[in-house]
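Student: If you scroll down you'll find the structure; I have some questions about it.
Bear in mind these aren't lab numbers, they're just calculated from the coordinates by the rules spelled out. Every value quoted in this text rests on a predicted model; they were computed, and no experiment measured them. A quick note on method: Cβ atoms are made from the backbone with ideal geometry, for glycine too, and the neighbour counts reach across all protein chains shown.
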Amino acid sequence: MLQEELCCLFEDAPELEGSFAAFSKEIPDEWLRDAFQLTNTVTVRRRKLLPEDVIRLIIGMSLMRGGSIQSVANRLVLNSNELDNSKLAARSSLSNARQKLGYEPVEWLFNQSAQCWDSQHHEQSKWFGLNLYAIDGTMFRTEDTAECREHFGSANTATKKESGYPVLKMTSLMNVRSHIMIKAAVGGYRSSEITMASQLVDAVPNQSVIIMDKLYHSAELLNHIESTGEQRHWLTPLKENVNYQVLKSYSENDWLVERTLDHRARQQSPKLPKKWVIRVIQYQIKGHKPKLLATSLPHDVYSAEDIIKLYHERWEIELGYRNIKSSLLEKAVKLRSKKVGLVYQELYGMLIAYNLVRYEALLAANSIKVRPSRISFKTTLRITLMDYWQMVMADNLQSLPMRLKDLTETIKDFVVPEQDRPSYVRALKINPRKFPLKGSQPDKTFP
């Protein structure tokens with residue numbers, strides 16, 4: 001991505017282009033060409049934005065969340081001599097260009113880039129030879145338009161009252177060690193997270209383990225994970241209402257159990273067996289109630305102590321969501337777009353932007369042999385953007401290759417120290433309301 005922007009400065013110095021090969025592998029031109037095949041608007045007039053410029057704009061909307069869409073466009077795409085800058089300054093021109101592109105090419109580009117970057121593992125990316133992934137969901141607000149509210153719904157559409165904004169739900173698959181988002185399923189507020197999670201598990205490679213919270217303890221989902229592929233395992237807390245019979249005791253707190261799946265579950269999913277054998281591990285943290293973990297990891301290969309420690313890495317996906325909402329979007333969890341198609345487009349562009357920063361952290365972590373999650377996301381984001389603008393405004397083109405090399409070297413200096421996270425009992429705080437909720441009845445009129 002950075003290479004494409006910088007090459008606009010090198011029309012008079014083509015010999016420098018080879019010095020920037022390190023950045024060409026991030027979003028190669030062939031990915032863009034394949035993505036544009038999903039839309040019928042690849043060929044446009046000279047005065048309009050080119051598809052690759054629109055891609056830059058969509059990704060830049062998240063990388064530079066503090067600026068308006070017009071200012072992002074001025075920074076990213078006005079360096080092309082083929083554009084009519086006076087036409088581009090209008091908000092309608094940017095919106096029309098985004099609508100013509102659609103969200104399918106951006107979604108395809110996210111999936112393609114995520115799979116490529118996830119395949120570049122580092123030394124500490126695996127757990128006993130298994131790839132580590134986590135699945136969890138989160139929510140984003142959208143602009144309060146009739147189209148978005150009808151499509152996505154809101155937090156309390158079952159009542160006569162409505163939330164302030166429409167809400168979309170996203171369930172994603174994340175690499176636990178690199179924090180790269182691999183795949184995402186997006187839907188309305190009332191969408192089932194288990195149904196959305198079932199759209200993600202096929203993207204998990206063989207020799208992997210998926211960590212989830214107890215919401216995803218679904219026999220259909222978990223059985224699908226372990227019955228497809230080779231050595232695909234799962235780990236999740238056991239729900240309180242699950243009945244089982246102990247077949248074998250490995251230790252005082254480690255058992256092989258058998259579950260009898262009811263007729264209703266097997267009627268909905270005929271592939272489910274009548275009897276299902278899983279492993280259950282009990283553990284207790286001081287000051288907390290005992291917890292039960294269910295897993296498909298075999299006892300003869302993976303100890304209970306290692307599995308208990310592994311489960312707590314599920315929190316890494318929560319940190320990934322925090323980096324997106326707090327650092328990348330600058331705590332503005334409401335997406336900018338007002339049309340449903342553009343909301344999806346912006347969301348996938350946001351995931352590409354997040355993965356770009358995480359990939360830069362991965363490159364830096366590999367060079368110093370630490371986990372990529374220990375590289376500060378906020379610092380990587382700021383350094384990447386700051387160095388990029390300094391390179392764009394550089395007068396001496398001969399100094400740019402060295403600055404690109406220094407980018408990774410600088411990121412390496414911001415390693416977050418390993419800390420033991422304290423564990424607290426969950427508590428629900430009272431949310432005081434100063435004003436009454438907005439109801440379905442119109443406000444009273446006053447003289």
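Student: Taking every DSSP beta bridge that has both residues in region 108-320, what percent is antiparallel when rounded to the nearest 5?
Tutor: Of the beta bridges lying entirely in region 108-320, close to 85 percent run antiparallel.
Student: At R0 = 51 Å, how high is the FRET efficiency between Cys116 and Ile430 if r is their beta carbon distance? Nearest 0.05 is fine.
Tutor: For R0 = 51 Å, the calculated efficiency reads 0.60.
Student: Once you sort the root eigenvalues of the Cα gyration tensor of region 190-284 as a ≥ b ≥ c, which label holds: rounded (a/c under 1.5), prolate (a/b larger than b/c) or oblate (the other case)?
Tutor: It comes out prolate by the Cα gyration axes.
Student: In addition: Sort region 93-207 into rounded, prolate or oblate with this rule: let a ≥ b ≥ c be the square roots of the eigenvalues of the Cα gyration tensor; rounded if a/c is under 1.5, and if a/c is not under 1.5, prolate when a/b is larger than b/c, oblate otherwise.
Tutor: Taking the square roots of the gyration eigenvalues as a ≥ b ≥ c, region 93-207 is oblate.
Student: Counting only residues 5 or more places away or on other chains, whose amide H sits under 5 Å from the amide H of Lys183 once H atoms are built in the peptide plane?
Tutor: Long-range HN contacts for Lys183: Leu173.
Student: Same structure, new question: Quick check of the Kirkwood formula: for region 108-320, what is the inverse mean of 1/r over all pairs of different Cα atoms, in Å?
Tutor: Kirkwood hydrodynamic radius for region 108-320: 18.8 Å.
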